[in-house]
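The values are calculated or read from the model by the stated rules, or taken from the named source; none is laboratory data. All values derive from a computational prediction rather than experimental measurement. Please note: Cβ atoms are built from the backbone with ideal geometry, for glycine as well, and neighbour counts cover all protein chains shown.
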């Protein structure tokens with residue numbers, strides 16, 4: 001969330017930043033009003049509390065002097081002030097809750113160098129790598145749900161029978177491919193990232209810290225009986241690993257990698273890219289995340305993007321990098337690059353990773369801080385994360401790109417050690 005102190009000194013700057021995101025800047029005026037009201041209430045509460053404390057001392061002194069009448073009078077005054085203090089404290093607490101709720105709903109400011117724009121149409125294509133639209137044969141222009149069905153490696157019908165639509169069921173080599181991709185990706189990050197296997201059910205405070213709540217509650221699965229949330233991404237538990245802690249600057253940046261299932265209700269997605277694996281409710285993903293200092297953030301952001309690009313390149317998939325414009329940035333993101341791979345059977349660019357920098361927006365919500373090496377002052381870390389990678393659309397692109405004229409599928413050689421030495425999925429009469 002934003003630093004409320006900036007509302008007092010940089011209100012125009014904050015409004016200009018939110019306007020670039022297309023957000024309602026009137027919320028900042030409401031925030032300023034609540035902040036001022038809370039500070040005035042707290043000041044009055046503290047003044048009354050000081051008077052109560054003074055009267056309590058007076059009561060003690062008068063009793064020692066055997067002035068019982070004077071002591072009783074001051075006790076009466078103290079009781080009246082005590083009731084006033086309770087009322088002020090209750091009102092201040094209510095306003096503080098309103099203030100925090102509003103802070104949780106106001107988006108992060110975009111980075112100065114994020115490209116301006118209104119929506120996804122204004123995203124900037126930074127580069128296209130390894131893609132030749134005319135190089136694909138007719139045998140590769142078969143959508144993955146047909147290829148997977150014919151080879152018996154993707155069973156959408158049985159997945160829907162078990163759990164409902166958009167819950168895929170992978171079979172045989174299709175399931176092995178998900179497992180191989182996960183093991184390969186974790187191994188690829190092991191040189192610099194600590195592997196974590198976090199809980200995939202988290203508390204409300206945890207999912208709120210990363211920015212999913214309160215705005216995106218409709219997209220999350222909530223276990224109301226236990227007040228636990230199924231994670232939409234490993235970003236959620238990883239962001240809160242150091243919640244309430246003060247890290248040492250010497251230990252930053254800290255890098256983590258986690259493979260988890262992810263759950264998303266995809267509210268409002270009906271009829272939009274829902275065929276096959278293009279949009280699903282449950283999927284596997286390897287997430288990479290870092291805590292760092294503000295000075296390290298640009299370098300770490302580039303490092304995470306390079307990690308994701310390296311994996312896509314090693315899989316032999318054509319891809320492009322998009323610089324996400326201000327109007328398409330998410331609630332918490334200050335800067336974001338997306339990776340999209342080309343799937344010839346779908347004839348679509350499919351997003352497989354978002355590499356995001358959040359500034360201190362998430363760290364303020366989670367209370368993750370660090371102590372400066374030089375002056376021992378405490379500040380908030382910056383958080384960054386990205387998918388490296390999310391598997392359903394990678395699976396789709398690999399199966400479509402690797403399809404051979406005889407209907408078999410040849411997978412990238414880098415996966416061979418994780419597939420028992422074979423990279424071919426048997427022939428099929430499809431197409």
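Restricting attention to region 172-192, does a residue exist that is in a loop (DSSP other than H, G, I, E, B), buried (at least 18 other Cβ atoms within 10 Å of the Cβ) and touching a residue at least 40 places away in the same chain (Cβ under 8 Å)? No, because not a single residue in region 172-192 is in a loop (DSSP other than H, G, I, E, B), buried (at least 18 other Cβ atoms within 10 Å of the Cβ) and touching a residue at least 40 places away in the same chain (Cβ under 8 Å). Of everything listed in (1) in contact (Cβ under 8 Å) with a residue 60 or more places away in the chain; (2) under 19 Å from residue 186 (Cβ atoms); (3) assigned to a strand (DSSP E or B), the single unmet condition for residue 352 is (1).
Within region 295-314, no residue that is under 16 Å from residue 127 (Cα atoms) sits with its Cβ atom under 6 Å from a residue that is part of a helix (DSSP H, G or I) and modelled with pLDDT under 95 at 6+ positions apart or across chains. Number of residues in region 14-55 that are more than 23 Å from residue 93 (Cβ to Cβ) and touching a helix residue (DSSP H, G or I) at 6+ places or on another chain (Cβ under 6 Å): the value is 7. Any chance region 279-296 includes a residue that's at pLDDT 95 or above, part of a loop (DSSP other than H, G, I, E, B) and surrounded by 20 or more Cβ atoms within 10 Å (Cβ to Cβ)? Scanning region 279-296 turns up at least one residue that is at pLDDT 95 or above, part of a loop (DSSP other than H, G, I, E, B) and surrounded by 20 or more Cβ atoms within 10 Å (Cβ to Cβ). Within region 113-132, the residues that satisfy the criterion of being part of a loop (DSSP other than H, G, I, E, B) and either surrounded by fewer than 11 Cβ atoms within 10 Å (Cβ to Cβ) or under 21 Å from the mean Cα position of the chain (by Cα) (or both) are 113, 114, 115, 119, 123, 132. Tally the residues that are exposed (fewer than 15 other Cβ atoms within 10 Å of the Cβ) and free of Cβ contacts under 8 Å to residues at least 40 places away in the same chain, restricting the search to region 7-38. So the count comes out to 12. Would you say residue 205 is surrounded by fewer than 17 Cβ atoms within 10 Å (Cβ to Cβ) and under 14 Å from the mean Cα position of the chain (by Cα)? Yes, satisfied. Listed by position, the strands (runs of 3 or more DSSP E) inside region 205-271 whose residues that are farther than 15 Å from residue 383 by Cβ and in contact (Cβ under 8 Å) with a residue 12 or more places away in the chain number at least 3 are 228-230, 254-263.
Residue by residue through region 81-93, note down the ones that are loosely packed, with under 13 Cβ neighbours inside 10 Å and over 19 Å from residue 40 (Cβ atoms). The one that is loosely packed, with under 13 Cβ neighbours inside 10 Å and over 19 Å from residue 40 (Cβ atoms): 83.
To keep it simple, each residue is scored yes or no on (1) within 24 Å of residue 308 (Cα to Cα); (2) modelled with pLDDT of 95 or more; (3) in contact with a helix residue (DSSP H, G or I) (Cβ under 9 Å, 6 or more places away or on another chain); (4) outside any loop (DSSP other than H, G, I, E, B).
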position: 370; (1), (2), (3), (4): no, yes, yes, yes
position: 376; (1), (2), (3), (4): no, no, no, no
position: 385; (1), (2), (3), (4): yes, yes, yes, yes
position: 388; (1), (2), (3), (4): yes, yes, yes, yes
position: 394; (1), (2), (3), (4): yes, yes, yes, yes
position: 400; (1), (2), (3), (4): yes, yes, yes, yes
position: 405; (1), (2), (3), (4): no, yes, yes, no
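Taking every residue in region 109-129 that is under 16 Å from residue 340 (Cα atoms) and pairing it with any residue that is modelled with pLDDT under 95 and surrounded by 13 or more Cβ atoms within 10 Å (Cβ to Cβ), at least 6 positions away or on another chain, yields no pair with a Cβ-Cβ distance below 8 Å. Checking each residue of region 159-169 against the condition of being closer than 24 Å to residue 298 by Cα and surrounded by fewer than 19 Cβ atoms within 10 Å (Cβ to Cβ) gives no match.
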